[in-house]
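Colleague: Pasting a structure below so you can have a look.
The values are calculated or read from the model by the stated rules, or taken from the named source; none is laboratory data. Not measured: the values here are computed from a predicted model. Positions of Cβ are generated from backbone atoms using ideal geometry, with glycine treated the same way; all protein chains shown enter the neighbour counts. Calculation scope for accessible area: heavy atoms of the full protein, side chains included, ligands and nucleic acids excluded. Shrake-Rupley method; radii C 1.70, N 1.55, O 1.52, S 1.80 Å.
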Amino acid sequence: MHTMRRLLLALLAAGAAQFAAGQAAQGPILIGSSIPMTGGVSTFGQHSRWGSELAIEQANAAGGVLGRKIEMDFQDNRCNPAEAVKSVSQMIAEKKYVAIFDGLCSSAALAIMPLVERAEIPFVVANASATSIAEKSGIGGNKWTFKVNPTDASMLDALVGWLEKQGKADNIAFLGEDTDFGRAGSDGLAAALKKRNHKLASVDFYQKGTADFSTVFAKIKAEKPAALALYAIDADFQNAIRQWYSMGGGIPLTGRVLVDQVPKEIMASGFLDGTTSVQPYDPSVDITPTNKAFVDAYKKKSGGVAPIMVGFESYEATRILIDAIKRAGSTDPAAIRDALTKTRYQSIMGTTLEFDQHNLIHNNAVIIGIKGGKVVVFGYSKT
Amino acid sequence: MNRGAAPLAFLVALAALFAVPRLTGNEYVLAFGVSFATFSVLASGLNLVYGYTGLLSFAQVAFFGVGGYTCALLVTEWHWSLWTSAAAGGVLAALIGLLIGYSSLRLSRHAFAIVTISFALLCMIVSRDWVSLTRGSMGIPGLPVPSLALPGGLSWRLNRPSDFFSLMLGFSLASHVLIYLLVTSRIGRAMQAVKLNEPLAQSQGLNPLGYKLLTITLSAFLSGVIGSLFVFYLTIVDPSIFDFYYTETMLIMVILGGPGSFWGVLFSTAVLTGLPDLLRFSTDLRMVLYGLILIGAMLLFPGGIGGWFKQRRLAHWRKQPYGDKP
Amino acid sequence: MEAGFLIQLLVNGLVIGVIYALIAMGLSLIFGVLEIVNFAHGEFYMLAAMAAYFLTTNLGLGYWPTVAVVSVAGLAVGYVLYEALLASLRGESFERSILLTLGLSMVLQNGAIFLFTTTPKMIVSPYTYANFIFGQVRVPVLRVFALGLGVAAFALLYLVLYRTQVGKAMRGVAQNRDAALMVGIDPRAISRLAVAIGIGLSGLAGAALAPIYAVHPLMGFSFVFKAFAIIIIGGLGNVSGAAIAAIALGVLENLMGGFLPQVTVDGLAFVAMIAILLIRPEGLFGRGVRV
């Protein structure tokens, strides 16, 4: 009797353990995303989130990966490198994430890179555009970092090439945020111009969160450049464009102007006609029908907001990561890393994406501009 | 507890504290230890300056950050070792502390408070704008794993959080021993005299400036060193090390513990370091709470916990009958 | 060097200088009458801007009504602030007042971050894109309004301080609190009024600037440090000194900003403050009392 009860208990215990172990194996696959959820770049963080979540929803609807669902946890890094380090260190310490994602701001991504190398977890950069990220990855560098979006250097080279053909590549002034992003912009532009025997007319930086651009705009206008390359994002960009409008503008903008973030009234007024910009993406791209489907699905998710480059990049980067996990056949970070290096992915931009030896993908960039109060696609360029 | 048992109990507690990493690999506990070590040095330093000498200075965080940047730059640019770089960070911070201490001579207390707070802000601005030196808002990420050369030819690689736990807690302990010895000595009593009534203390032959300089310089040095260790724990230094958040937090620890109360401040530091993780408040709500505590303390109980205990002791002492104990 | 460029810089500087002055004067007044450095001063400016944002965006209130409502609210808030928190301090241990206002600033700033997040908010009003154009110089209409409001506030404050009984009493308390008591001035009532006016000025500044810059919980933080530097440069407790120093700083910052990197401009206020403290500690215009 006593023995029977003990045997029964033992069986139950074994069964429970098996069940628990089985449950653990069936739990979702977790990816940790570090994005700015608050602060001056929070709109970008929101788009990154939408893009990633859309990709994950689609993957889960198609049966998940390795028989399990995918889940992404989002941590706020406030576009600040120390914050990024703190939150990602925490995520790594919790030891349940198979990969780290995004970072979004270049400074944050650069700060995260050493962490993932120490912890040996893959890090997929979707939006940070600083060229140094790719320079420090892959062969001879950080083997765990992968960059999906084009570097500033290559995009700006494409832009300058375009401007040069129209004879508009000389006497360009530069104004950008004083961060890795902004400085990558000025370096990239200067390098691209130098190749064609030009140089920047002037270089000015502003602190993120600057309220008043009127003085620096007055200074730039007084120097009468032929164009102004503006490297500002999100809230700073909104502020700057408004004040630029107040000051009467008068000089065409270029660089990486966020043409899809210009306030509607200003766009419609034709004030910014003549702007030429280069971006990794624009919702009106129609090389393949997949973009329209993507835009529609995105709008459904975001409540009517069209995707901006950040949403697109996070979407494709998440899909690439999910695809790698599938091909790895396991959730072992090293296996996922190896699978990433062998990626061949069909992009919405009509290209087949592969990582080069610096773990960098060279997707096409879009050269867009504003004409007649509307955004117009001028062409595409390999990066 | 007789005199013999107290030090023994203390040593046992200490041994237990340092054995923690071996007993548990729990990340939260280790992170708590590092946090506690850092804030305890900062708060005790502030307590030394404000609580014991009566000088309300907000420059503490500047020493912290200057130490951090100095150490990071020396290690990454000139390849010094962590020992020497951290010491250099402390020394530079101490020199700045000396300057600030001298300035207190010429300034009213209002102006001094404003100047120290502006100085902390200036440090943040400089670290952000002087890009060629500090890399600006991008910070200096990827600080290398430090190796400390120990006596006997050994080398200690600090590549796990438990290593930093031991190192920083060890430094905090040493700092506190030093501060304790100082405040219980004749110098300590002199400082308290200066705080209570500066003109009276001067009339007795004490030089207030000397004591102010001593406390500011010492607390600056300690803050600079712990700042150096802290940034290597984080593996990054950026302008956010000068954040007002540090000033606000160490201020609360001192006020709650009681300015001038050594054990009170230590206690409140431990509580306030552990509380956030227990309560899982968002940082902002926690700051709101701290602000409310600060307001409440100023209106109702300026002496803090330590002050409350002191009042009780005094009240008890007053109740004693005159003459010798029966 | 084009005259148009210089004039543009000058005008920019005047506008920002007037805004600095509104905040600095309130701070100076409160210090002069109560001997309290109000660390939370910037937060009231921020709260006013937040209020203006909500009134404009959610309630659809126009520019002028918003400014009026927020300024009056500022007066009321100042009144309540004094009664609730500052009255009991009575200029005692100065550390208590500094730490109290610091605590208040922590509550207000972080409370705002918690409630509204740090994401900046932009007000869109019909005036947002309107400009006055004088030849080569373009000044946004909203900045001109801010300038006008500031000047009007100066005039009003001057009238109150120098032409009314109450104002005289305030100046008396600022000069010598005990003597004022002796001649029968009620320090409590005067202090209350000073705080109300001080916060009211911040309220006006916040409402005037909200449509010009982005509104977010940390906007008061950087302004208030400039305000501290300004009141030291002008002379602690000297209201007109603060106004002059503020305008001078605003103009200088913009003139320098037109030719030098932003870096040097950011540090200007601090460097000027240190210089004044070294050379003339009682401030440019003094107070009669040593700093």
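Colleague: Considering only the stretch A:182-199, I want to know if a residue exists there that is open to solvent by less than 10 Å² (accessible area, probe 1.4 Å), free of Cβ contacts under 8 Å to residues at least 60 places away in the same chain and assigned to a strand (DSSP E or B).
Modeller: no
Colleague: Filter the stretch C:188-224 for residues that are over 29 Å from C:Thr119 (Cβ atoms), touching a residue at least 40 places away in the same chain (Cβ under 8 Å) and more than 15 Å from the chain's Cα centre (by Cα) and give the result.
Modeller: Within the stretch C:188-224, C:Arg188, C:Ile190, C:Ser191, C:Arg192 meet the criteria.
Colleague: Which numbered condition in (1) under 30 Å from A:Ile220 (Cβ atoms); (2) of a type in the set (Gly, Ala, Ser); (3) surrounded by fewer than 20 Cβ atoms within 10 Å (Cβ to Cβ) is the only one that C:Gly172 fails?
Modeller: Checking C:Gly172 against (1) under 30 Å from A:Ile220 (Cβ atoms); (2) of a type in the set (Gly, Ala, Ser); (3) surrounded by fewer than 20 Cβ atoms within 10 Å (Cβ to Cβ), the one that fails is (1).
Colleague: Let me ask something additional. Scan the stretch A:215-237 for residues that are over 18 Å from A:Asp178 (Cβ atoms) and either touching a helix residue (DSSP H, G or I) at 6+ places or on another chain (Cβ under 9 Å) or more than 11 Å from chain C (Cβ to nearest Cβ) (or both) and jot them down.
Modeller: A:Ala218, A:Lys221, A:Ala222, A:Pro225, A:Ala226, A:Ala227
Colleague: Scanning the stretch C:66-93 for residues that are within 19 Å of C:Ile190 (Cα to Cα) and either touching a His at 6+ places or on another chain (Cβ under 6 Å) or open to solvent by less than 20 Å² (accessible area, probe 1.4 Å) (or both), which turns out farthest from the other protein chains (Cβ to nearest Cβ)?
Modeller: Among those that are within 19 Å of C:Ile190 (Cα to Cα) and either touching a His at 6+ places or on another chain (Cβ under 6 Å) or open to solvent by less than 20 Å² (accessible area, probe 1.4 Å) (or both), it is C:Gly74.
Colleague: Then there's this: Scan the stretch C:225-241 residue by residue and report those that are open to solvent by 10 Å² or more (accessible area, probe 1.4 Å), more than 8 Å from every other protein chain (Cβ to nearest Cβ) and either free of Cβ contacts under 8 Å to residues at least 40 places away in the same chain or under 13 Å from the mean Cα position of the chain (by Cα) (or both).
Modeller: Residues satisfying the conditions are C:Lys226, C:Val239, C:Ser240.
Colleague: Next up: Name the residues in the stretch A:274-331 that are part of a loop (DSSP other than H, G, I, E, B), under 23 Å from A:Val160 (Cα atoms) and not aliphatic (A, V, I, L, M), would you?
Modeller: Correct list: A:Gly274, A:Thr275, A:Pro280, A:Tyr281, A:Asp282, A:Pro283, A:Ser284.
Colleague: Helices (runs of 4 or more DSSP H) wholly in the stretch C:153-262 with at least 3 residues that are closer than 21 Å to C:His41 by Cβ - which ones?
Modeller: By residue number, C:165-175, C:187-209, C:219-234, C:239-257.
Colleague: Could you look through the stretch B:97-118, keep only residues that are modelled with pLDDT of 85 or more and open to solvent by 40 Å² or more (accessible area, probe 1.4 Å), and pick out the one that is farthest from the other protein chains (Cβ to nearest Cβ)?
Modeller: Restricting to residues being modelled with pLDDT of 85 or more and open to solvent by 40 Å² or more (accessible area, probe 1.4 Å), the top hit is B:Leu98.
Colleague: For the stretch C:175-190, state whether one or more residues are within 12 Å of another protein chain (Cβ to nearest Cβ) and in contact with a helix residue (DSSP H, G or I) (Cβ under 8 Å, 6 or more places away or on another chain).
Modeller: no
Colleague: Give the residues of the stretch B:52-81 that are in contact (Cβ under 8 Å) with a residue 40 or more places away in the chain and among the aromatic types (Phe, Trp, Tyr), sorted by residue number.
Modeller: Selection gives B:Tyr52, B:Phe58, B:Phe63, B:Phe64, B:Tyr69.
Colleague: Then there's this: Which is modelled with pLDDT of 85 or more, surrounded by 16 or more Cβ atoms within 10 Å (Cβ to Cβ) and more than 8 Å from every other protein chain (Cβ to nearest Cβ), of C:Leu156, C:Leu102, C:Leu149?
Modeller: Just one listed residue meets the conditions, C:Leu149.
Colleague: Looking at the stretch A:184-198 only, could you name the residues that are closer than 24 Å to B:Arg135 by Cβ and away from chain C (no Cβ under 14 Å)?
Modeller: Scanning the stretch A:184-198 gives A:Ala184, A:Gly185, A:Asp187, A:Gly188, A:Leu189, A:Ala190, A:Ala191, A:Ala192, A:Lys194.
Every residue, every condition in (1) in contact with a helix residue (DSSP H, G or I) (Cβ under 7 Å, 6 or more places away or on another chain); (2) within 30 Å of B:Trp83 (Cα to Cα); (3) away from chain C (no Cβ under 13 Å), yes or no:
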| position | (1), (2), (3) |
| --- | --- |
| B:Phe262 | yes, yes, yes |
| B:Thr269 | yes, yes, yes |
| B:Arg286 | yes, no, no |
| B:Gly306 | yes, no, yes |
| B:Leu314 | no, no, yes |
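Colleague: If you take the residues in the stretch C:123-137 that are under 25 Å from C:Ala214 (Cβ atoms) and open to solvent by 90 Å² or more (accessible area, probe 1.4 Å), which one is farthest from the other protein chains (Cβ to nearest Cβ)?
Modeller: C:Pro126
Colleague: Moving on. Would you confirm whether any residue within the stretch A:135-143 is in contact (Cβ under 8 Å) with a residue 12 or more places away in the chain, closer than 18 Å to A:Gln279 by Cα and assigned to a helix (DSSP H, G or I)?
Modeller: No, the stretch A:135-143 contains no residue that is in contact (Cβ under 8 Å) with a residue 12 or more places away in the chain, closer than 18 Å to A:Gln279 by Cα and assigned to a helix (DSSP H, G or I).
Colleague: Please find, among A:Phe271, A:Phe294, the residue that is in contact with a helix residue (DSSP H, G or I) (Cβ under 9 Å, 6 or more places away or on another chain), open to solvent by 50 Å² or more (accessible area, probe 1.4 Å) and among the aromatic types (Phe, Trp, Tyr). Steps first, please.
Modeller: Values: A:Phe294 fails: open to solvent by 50 Å² or more (accessible area, probe 1.4 Å).
Testing whether each residue is in contact with a helix residue (DSSP H, G or I) (Cβ under 9 Å, 6 or more places away or on another chain), open to solvent by 50 Å² or more (accessible area, probe 1.4 Å) and among the aromatic types (Phe, Trp, Tyr) leaves just A:Phe271.
Colleague: Could you pull out the residue among C:Val215, C:Val224, C:Val166 that is touching a strand residue (DSSP E or B) at 6+ places or on another chain (Cβ under 9 Å) and of a type outside the set (Asp, Glu)? Spell out the reasoning first.
Modeller: Numbers: C:Val224 fails: touching a strand residue (DSSP E or B) at 6+ places or on another chain (Cβ under 9 Å); C:Val166 fails: touching a strand residue (DSSP E or B) at 6+ places or on another chain (Cβ under 9 Å).
Every option except C:Val215 fails the conditions.
Colleague: If we scan the stretch C:101-114, do we find a residue that is within 18 Å of C:Leu27 (Cα to Cα) and without any contact (Cβ under 8 Å) to a residue 12 or more places away in the chain?
Modeller: yes
Colleague: List the helices (runs of 4 or more DSSP H) that sit entirely inside the stretch C:1-102 and contain at least 1 residues that are on the phi > 0 side of the Ramachandran plot and of a type in the set (A, V, I, L, M, F, W, C).
Modeller: Correct list: empty, since no element meets the threshold.
Colleague: One residue is enough: does the stretch A:29-43 have a residue meeting the conditions within 14 Å of chain C (Cβ to nearest Cβ), modelled with pLDDT of 90 or more and open to solvent by less than 40 Å² (accessible area, probe 1.4 Å)?
Modeller: Scanning the stretch A:29-43, I find at least one residue that is within 14 Å of chain C (Cβ to nearest Cβ), modelled with pLDDT of 90 or more and open to solvent by less than 40 Å² (accessible area, probe 1.4 Å), so the answer is yes.
Colleague: Determine whether the stretch B:277-298 contains at least one residue that is in contact (Cβ under 8 Å) with a residue 60 or more places away in the chain and surrounded by fewer than 22 Cβ atoms within 10 Å (Cβ to Cβ).
Modeller: Filtering the stretch B:277-298 for residues in contact (Cβ under 8 Å) with a residue 60 or more places away in the chain gives B:277.
Those still in the list that are surrounded by fewer than 22 Cβ atoms within 10 Å (Cβ to Cβ) too: B:277.
Checked the stretch B:277-298: at least one residue is in contact (Cβ under 8 Å) with a residue 60 or more places away in the chain and surrounded by fewer than 22 Cβ atoms within 10 Å (Cβ to Cβ).
Colleague: Checking B:Ser147 against (1) away from chain A (no Cβ under 14 Å); (2) at pLDDT 85 or above, which test does it fail?
Modeller: The one condition B:Ser147 does not meet is (2).
Colleague: If you don't mind, another one. If a residue must be among the β-branched types (Val, Ile, Thr) and open to solvent by 60 Å² or more (accessible area, probe 1.4 Å), how many such residues does the stretch A:355-376 contain?
Modeller: Applying the first criterion (among the β-branched types (Val, Ile, Thr)) to the stretch A:355-376 yields A:361, A:366-368, A:370, A:375-376.
Filter again for open to solvent by 60 Å² or more (accessible area, probe 1.4 Å), leaving none.
Looking only at that region, the number is 0.
Colleague: Still on this structure, please answer the following. Quick check on this structure: which one of B:Ser127, B:Ser137, B:Ser132 is surrounded by fewer than 23 Cβ atoms within 10 Å (Cβ to Cβ) and either charged (D, E, K, R) or assigned to a helix (DSSP H, G or I) (or both)? If you could, list the steps in order and put the result at the bottom.
Modeller: Numbers: B:Ser127 fails: surrounded by fewer than 23 Cβ atoms within 10 Å (Cβ to Cβ); B:Ser137 fails: surrounded by fewer than 23 Cβ atoms within 10 Å (Cβ to Cβ).
So the residue among B:Ser127, B:Ser137, B:Ser132 that is surrounded by fewer than 23 Cβ atoms within 10 Å (Cβ to Cβ) and either charged (D, E, K, R) or assigned to a helix (DSSP H, G or I) (or both) is B:Ser132.
Colleague: If C:Phe114 satisfies all but one of (1) more than 8 Å from every other protein chain (Cβ to nearest Cβ); (2) assigned to a helix (DSSP H, G or I); (3) of a type in the set (Phe, Trp, Tyr), what's the number of the condition it fails?
Modeller: Of the numbered conditions (1) more than 8 Å from every other protein chain (Cβ to nearest Cβ); (2) assigned to a helix (DSSP H, G or I); (3) of a type in the set (Phe, Trp, Tyr), the odd one out for C:Phe114 is (1).
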